[in-house]
1. Among the listed residues B:GLY423, B:GLY403, which satisfies the condition of being more than 21 Å from B:GLU236 (Cα to Cα) and open to solvent by less than 30 Å² (accessible area, probe 1.4 Å)?
2. When B:GLY39 is evaluated against the numbered criteria (1) within 12 Å of another protein chain (Cβ to nearest Cβ); (2) open to solvent by less than 30 Å² (accessible area, probe 1.4 Å); (3) farther than 23 Å from B:ASN400 by Cβ, which criterion, by number, is the only one it fails?
3. Only one of (1) open to solvent by less than 50 Å² (accessible area, probe 1.4 Å); (2) under 21 Å from B:GLY440 (Cβ atoms) is not met by B:ASP491, so which one is it?
4. Suppose we filter A:ALA103, A:ALA126, A:ALA82 for residues that are touching a helix residue (DSSP H, G or I) at 6+ places or on another chain (Cβ under 7 Å), more than 8 Å from every other protein chain (Cβ to nearest Cβ) and either of a type outside the set (Lys, Arg) or surrounded by fewer than 20 Cβ atoms within 10 Å (Cβ to Cβ) (or both); which single one remains?
5. Does B:GLY605 satisfy being open to solvent by less than 40 Å² (accessible area, probe 1.4 Å) and under 24 Å from B:ILE514 (Cα atoms)?
6. Quick one: in region B:302-318, which of the residues that are open to solvent by 20 Å² or more (accessible area, probe 1.4 Å) and on the phi > 0 side of the Ramachandran plot is farthest from the other protein chains (Cβ to nearest Cβ)?
7. Within the set of pairs 6+ apart or on separate chains, which have a first residue in region B:323-349 that is away from chain A (no Cβ under 14 Å), a second that is part of a helix (DSSP H, G or I) and open to solvent by less than 10 Å² (accessible area, probe 1.4 Å), and C-beta atoms under 6 Å apart?
8. Of B:GLU626, B:GLU606, B:GLU600, which residue is in a helix (DSSP H, G or I) and either at pLDDT 95 or above or among the acidic types (Asp, Glu) (or both)?
Amino acid sequence: MISNPGKISSIIESFGAAGGSLISMLQEIQAEYHYLPRDALVLIAERTGLPLSQVFSTATFYNAFSLTPRGKHLISVCLGTACHVRGGPKITDKIGRELNVEAGATTDDLQFTLETVRCVGCCALAPVVRIDEDTHGHVTQKKVPAILKKYARGDKQDEDTKPQES
Amino acid sequence: MRIQSLKNLEGMKKKGLRSLYPDETKVMVGMATCGLATGAKEVFEALKKEAEKRKQKILVTKTGCIGFCSREPLVDVVQKERPRITYGEVDAKKVPGLLDDLSEGKVSKEWVVGKMTEDECLAEGSKRRYFEGEEPEETREIPSYDELSFYKKQKKIATRNCGFIDPESIEEYIARGGYFSLHKVLTDMEPEQVIGDIKKSGLRGRGGAGFPTGLKWEISRKSRSGTKYIVCNADEGDPGAYMDRSILEGDPHTVLEGMIIGAYAIGASEGYIYCRTEYPLAIEELSIAIKKAREYGLLGKNIMGSGMDFDIKISEGAGAFVCGEETALMASIEGKTGEPRMRPPFPSESGLWGKPTNINNVETWANVPVIIGRGGDWYSKIGTKESKGTKVFSIVGKINNTGLVEVPMGITLKELVEDVGGGIPNNREFKAVQTGGPSGGCIPKSLLQLPVDYEELAKAGSIMGSGGLIVMDDETCMVDVAKYFIGFLEDESCGKCLSCREGTERMREILEDITEGRGKEGDIELLESLAAVVKDVSLCGLGSTAPNPVLSTIQYFRDEYEAHIKEKRCPARVCRALVQYRIDPEACTGCRACLTVCPEGAITGERKKAHVLDRKKCIKCGACVEVCKPDAIIVE
């Protein structure tokens with residue numbers, strides 16, 4: 001169940017009934033809940049008159065949407081070509097081992113979701129890891145624990161986006 | 001204020017020039033995504049705080065990415081009667097020293113990247129010197145920007161303002177000749193003349209396929225419809241390419257101006273910028289630019305008092321590579337799943353909501369204001385016979401000077417890699433350069449003399465694509481690279497065509513077998529015949545080019561495939577299943593660095609004595625290699 005169906009209703013209503021806004025609507029709901037609750041998709045179909053199948057097909061087609069709850073912090077390991085040749089897959093494995101989670105999954109305490117993404121466009125700083133809004137460049141396996149620690153502590157105010165000195 | 005006349009525009013230009021070249025000392029921090037990732041924000045804040053504490057009068061502003069990403073964070077200093085100085089790898093700790101220097105008129109030479117004595121406003125064809133008369137003594141020994149190997153061969157047209165202006169300041173854009181081309185078009189030129197000039201310039205679509213831009217506009221102009229759309233493709237999904245992001249973050253107004261000029265030429269009243277969601281800063285800068293352009297009467301009703309109406313909306317992508325394909329992109333703007341459809345009808349006849357739609361990529365639009373400002377003839381003199389102008393490349397991977405470079409078409413790959421890119425780091429050997437992203441191919445060392453243009457790259461089995469150049473050294477496995485691209489495309493295939501959906505999956509399985517030691521005779525031939533089917537039968541560009549990385553690696557690096565299949569050996573020592581780790585007892589100094597990072601406890605040994613690695617426990621994660629200073633860990 002969604003904790004606040006009123007919020008979803010108001011997001012849907014703010015768009016009017018145009019089908020062209022479906023993706024933006026889903027984006028706003030995802031921004032609010034970090035995933036797309038099933039009830040929200042049903043509500044969108046009811047309010048906009050779009051077939052539920054179309055709402056689901058759009059929600060599952062795009063990588064940015066998730067139908068399962070995600071963690072407080074979203075870790076996106078870039079696997080663009082530059083990151084791939086400079087060791088991105090090994091960084092993914094290292095983070096996975098540190099957090100005991102597979103790529104695509106969320107930690108049991110709902111703190112982190114580990115994802116791999118296709119190029120965040122910071123290829124010169126490969127390999128790159130993006131955590132929430134922060135981009136970390138030139139990541140090495142050795143730097144991973146220190147980077148993760150900051151988010152686990154929850155004191156993001158002190159967060160510096162600079163890579164740690166090795 | 002609304003800009004209605006040339007006088008208004010000139011007034012804005014004066015204001016912009018005052019902020020570009022102020023009387024007081026100005027410090028600019030490169031704050032595009034790449035700068036931010038290396039700590040530019042901290043530098044920016046430290047500069048403000050420290051200057052305030054010292055009551056030192058300096059102006060701290062932000063700018064976009066000047067392209068020298070390997071030296072980020074970059075800070076530029078503009079002072080009266082001095083050349084402009086660029087400092088590289090600046091961190092917050094260096095800020096007090098930098099401010100000391102500024103107040104004492106000194107220059108910390110060890111941080112300096114280069115100096116500029118003059119600044120070219122390309123759109124209007126003028127130059128402005130940073131100082132008059134003699135150069136101050138302290139700066140004379142600093143290398144000039146145009147002498148640096150990274151910049152020497154560059155010519156910046158599409159990226160002319162990136163790293164020079166504050167992307168949020170419309171005045172600074174105007175100060176460098178911005179919106180004068182739009183004014184010229186609206187007051188002096190018929191739509192047909194605009195199209196004629198673009199045709200004359202020889203500009204071809206910078207999204208990758210290289211279709212002549214003027215011709216595309218002409219077809220759109222001739223389509224009869226009350227409503228026509230202009231679209232900017234800012235989906236830049238090619239891994240390894242980020243020039244569109246840099247332009248949007250560093251100079252959003254050039255894209256808007258290009259689009260408004262295009263709208264006038266074609267007769268469109270609405271425009272969309274389809275920008276990928278992975279670029280939040282680009283979306284933010286675009287939104288600010290659109291808002292400012294509306295405020296000044298450059299977008300919306302009655303643009304510059306000419307009677308033309310045109311407005312632009314941003315449509316945010318949601319993470320699907322195939323949406324860079326124009327018909328899929330339009331489906332996505334309409335709120336549907338991004339599946340491509342058959343062409344014809346082409347978008348210029350029936351596009352968004354069935355109306356004629358003209359789609360061009362970010363870099364293409366960014367060229368338009370300069371072509372109009374300087375004339376199609378001027379532009380057509382740059383480049384090669386068939387490929388005119390410049391192209392922005394991102395040089396990344398195993399290369400010293402990683403970054404964004406804009407060079408005239410026709411430059412050789414060798415010049416790009418060795419001169420501009422500064423060669424391969426760590427004394428490794430150059431192996432190949434991958435161009436064109438997943439639709440492109442790998443070009444081997446023997447073809448390094450190849451001049452870069454649309455035709456030459458195609459002849460070598462690759463494509464221009466969006467301009468990502470990924471440099472690979474001898475520690476890159478070409479079978480692994482092919483597997484990487486096919487895996488990427490398998491993930492990103494929309495699934496509409498069976499050949500693409502199943503074909504990429506099967507090819508990935510075969511490549512996986514080869515890299516994991518299960519390859520068998522006949523696999524290469526099987527890959528080749530699968531490739532032919534996927535290429536011929538798939539509907540859109542994603543599928544029809546999907547086999548390119550596989551085919552080009554087989555063409556040029558067949559021996560590497562054979563080593564994997566016949567000898568179960570990975571010559572580049574990348575494929576995990578085919579390599580073993582061991583410690584060279586001669587080289588090992590017993591520093592325990594590897595021992596502490598090994599996640600499996602596979603390494604044992606005492607301090608100052610050679611360590612031993614237990615192969616049964618080793619998961620080949622490479623953490624030990626990363627920390628081993630004497631290079632004692634051998635992968636074989």
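1. Values: B:GLY403 fails: more than 21 Å from B:GLU236 (Cα to Cα).
Result: B:GLY423 is the single residue among B:GLY423, B:GLY403 that is more than 21 Å from B:GLU236 (Cα to Cα) and open to solvent by less than 30 Å² (accessible area, probe 1.4 Å).
2. (3) is the only condition that B:GLY39 fails.
3. (1)
4. Numbers: A:ALA126 fails: more than 8 Å from every other protein chain (Cβ to nearest Cβ); A:ALA82 fails: more than 8 Å from every other protein chain (Cβ to nearest Cβ).
Going through A:ALA103, A:ALA126, A:ALA82 in turn, just one is touching a helix residue (DSSP H, G or I) at 6+ places or on another chain (Cβ under 7 Å), more than 8 Å from every other protein chain (Cβ to nearest Cβ) and either of a type outside the set (Lys, Arg) or surrounded by fewer than 20 Cβ atoms within 10 Å (Cβ to Cβ) (or both): A:ALA103.
5. Details: open to solvent by less than 40 Å² (accessible area, probe 1.4 Å): yes; under 24 Å from B:ILE514 (Cα atoms): no.
No.
6. That would be B:GLY305.
7. Close Cβ pairs satisfying both conditions: B:ARG341/B:THR327; B:SER348/B:SER220.
8. Values: B:GLU606 fails: in a helix (DSSP H, G or I); B:GLU600 fails: in a helix (DSSP H, G or I).
Within the list B:GLU626, B:GLU606, B:GLU600, the selection yields B:GLU626.
The values are calculated or read from the model by the stated rules, or taken from the named source; none is laboratory data. A quick note: this is a predicted structure, and the numbers were derived from the prediction, not measured. Every residue, glycine as well, gets a Cβ built from its backbone with ideal geometry; the counts of neighbours run over all protein chains shown. Note: areas computed on protein heavy atoms with side chains; ligands, DNA, RNA excluded. Shrake-Rupley method; radii C 1.70, N 1.55, O 1.52, S 1.80 Å.
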